[in-house]
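**Q** One structure follows; several queries about it will come next.
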Amino acid sequence: MIRTSMASRIARLAQLRVRSASLRLADIGPALSNKEQQEKFLQEYKIRSLLERPIYYYAEKQLPKFSFQRLYDQSQKLSSTFILQNAHETVEHLLAYNARRLKQFRNLPYLVVLNPSISESYNTYLKTMSSLITASLNPPTTLEENDKFSQEVIANFIEVHADTLPSLSKGFQEVLDLLSVDQIKDFLDEHLRERISMRLIAHQHMELTRAINGVTPFVPGGKYNGVIKLLHIPDVIKKNADEVNDIFLLKYDQSVQYNIDTNLYPINYWSRSEPELRNRSEHDALTFAYIEYHLDYILKEIFKNSFRAHIENHVEDPVQITISISETPSYLELRIRDKGKGVDPKVLRHIFDYSFTTFESNEGDAYKTLNVPPGLAGNVVAGMGYGLPLSKNYVEIFNDTIPDEDGIIPTTKGSLTIQSYFGWGTDVYIKTVGH
């Protein structure tokens, strides 16, 4: 029965290739006549009908835990044979995550899904489901085919899902009378976590492909052939602080000074183990293995808040960024301290709420939520109120927290926390662990 079911599924999916192509053609061209619109609607309806079974199948599919260790394993196994196997697994995992999102959309009240903005997000996932299924029927069998697969399928997936948050944010703001705050939070928590996972899976295959093709350095058996790179943290901080200052020069014709300092503990500070008798430069002591574009997003969001607080409150003192790194165990903590007059306690309680922003209402004196999701224009300053909660998800989602002295693993997986002294300033702590 199982084999018959799978054979039937594959047969249906094969039919989908022709139909999905016709749907793409129907999306191109001038305004359609009534008859053409009816034909297009029928084509889309057929596509949706054919997708029902794959969506149900993949939404129930169990996936292995996607961890930093798994990313390292993929990097260390990278070869011309492994990259083809990984291409197949990448599509299968993306299909599963995509199907889960569609299922979660369908669990929302019908009137909520009818909202044009939410419906737009839903249709985006529906279209990528179709393109991924087509890709799954023709997996790459050579490095050349994998390169084409990465450029056309994976890169397109990343691009399509880069700018879905503005539409989703607008939609949920319009249906607040149909859903409770807890329902929205539960949906968005899972949606954003799985969105991060999907994009990371796609980026990982892209980076592995670049490495095996020689575009980026390839070290056989190395840990850093994929998205995880050994980063010099002061350079990452400086890059993002300077980019935020460029935005503020456009917006306010001002920039904010910042200082970077360190707490250079001995490499055995946290574990209390015997130190190794080896020389270690300050540059090496300030390196940390992490996903750079995750750290970029988090830092930009924090800097937008703290820099704007300084500008609007006419603070001339620099923003202070302090780096703490431990090697055994691998641990990174960043503290961003501003003197932008702090956050009103009433505002602070909602600082990680979705769609909460004080930018337009001018509530509070400083530290207003300034955010831009990955993929939007770099000169966008004020956003939708997703910047800080999304940053928190980026910090927490892939961090396996080290056990405490009693061997108990804390429930938090890394953290993004805020301590604010209203009338003075704010400290933001980014804590993450590595391997």
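**Q** Evaluate segment 157-164: report whether one residue or more is open to solvent by 10 Å² or more (accessible area, probe 1.4 Å), part of a helix (DSSP H, G or I), small (Gly, Ala, Ser) and in contact (Cβ under 8 Å) with a residue 24 or more places away in the chain.
**A** No, there is no match, as no residue in segment 157-164 is open to solvent by 10 Å² or more (accessible area, probe 1.4 Å), part of a helix (DSSP H, G or I), small (Gly, Ala, Ser) and in contact (Cβ under 8 Å) with a residue 24 or more places away in the chain.
Rundown of residues vs (1) open to solvent by less than 80 Å² (accessible area, probe 1.4 Å); (2) aromatic (Phe, Trp, Tyr); (3) modelled with pLDDT under 65; (4) at negative phi, yes/no style:
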residue	(1), (2), (3), (4)
Thr262	yes, no, no, yes
Arg272	no, no, yes, no
Pro275	yes, no, yes, yes
Asp296	yes, no, no, yes
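**Q** Quick one: Glu243 ticks every box in (1) assigned to a helix (DSSP H, G or I); (2) among the charged types (D, E, K, R); (3) closer than 17 Å to Ser67 by Cα bar one, so which box is it?
**A** (3)
**Q** Looking at this structure, is His205 in contact (Cβ under 8 Å) with a residue 40 or more places away in the chain, open to solvent by less than 10 Å² (accessible area, probe 1.4 Å), of a type outside the set (Gly, Ala, Ser) and over 15 Å from Leu71 (Cα atoms)?
**A** Against the criterion (in contact (Cβ under 8 Å) with a residue 40 or more places away in the chain, open to solvent by less than 10 Å² (accessible area, probe 1.4 Å), of a type outside the set (Gly, Ala, Ser) and over 15 Å from Leu71 (Cα atoms)), His205 does not qualify.
**Q** For segment 179-193, state whether one or more residues are crowded, with 20+ Cβ neighbours inside 10 Å and among the small types (Gly, Ala, Ser).
**A** Checking segment 179-193: not a single residue is crowded, with 20+ Cβ neighbours inside 10 Å and among the small types (Gly, Ala, Ser).
**Q** With respect to Ser150, determine if the residue is within 30 Å of Ser80 (Cβ to Cβ) and either part of a helix (DSSP H, G or I) or modelled with pLDDT of 85 or more (or both).
**A** Yes.
**Q** Oh, and also: Among the residues of segment 120-150, write down those that are polar (S, T, N, Q) and in contact with a Lys or Arg (Cβ under 7 Å, 6 or more places away or on another chain).
**A** Hit for segment 120-150 is Thr134, nothing else.
**Q** If Ile311 meets every condition in (1) touching a strand residue (DSSP E or B) at 6+ places or on another chain (Cβ under 9 Å); (2) buried (at least 17 other Cβ atoms within 10 Å of the Cβ); (3) at pLDDT 90 or above apart from one, which number is that one?
**A** (1)
The values are calculated or read from the model by the stated rules, or taken from the named source; none is laboratory data. If you're wondering where the values come from, they're calculated on a predicted model, not measured in any experiment. Heads up, the Cβs are rebuilt from the backbone with ideal geometry, glycines too, and the neighbour counts pull from every protein chain shown. These accessible areas exclude ligands, DNA and RNA; they are computed on the full protein's heavy atoms, side chains included. Shrake-Rupley method; radii C 1.70, N 1.55, O 1.52, S 1.80 Å.
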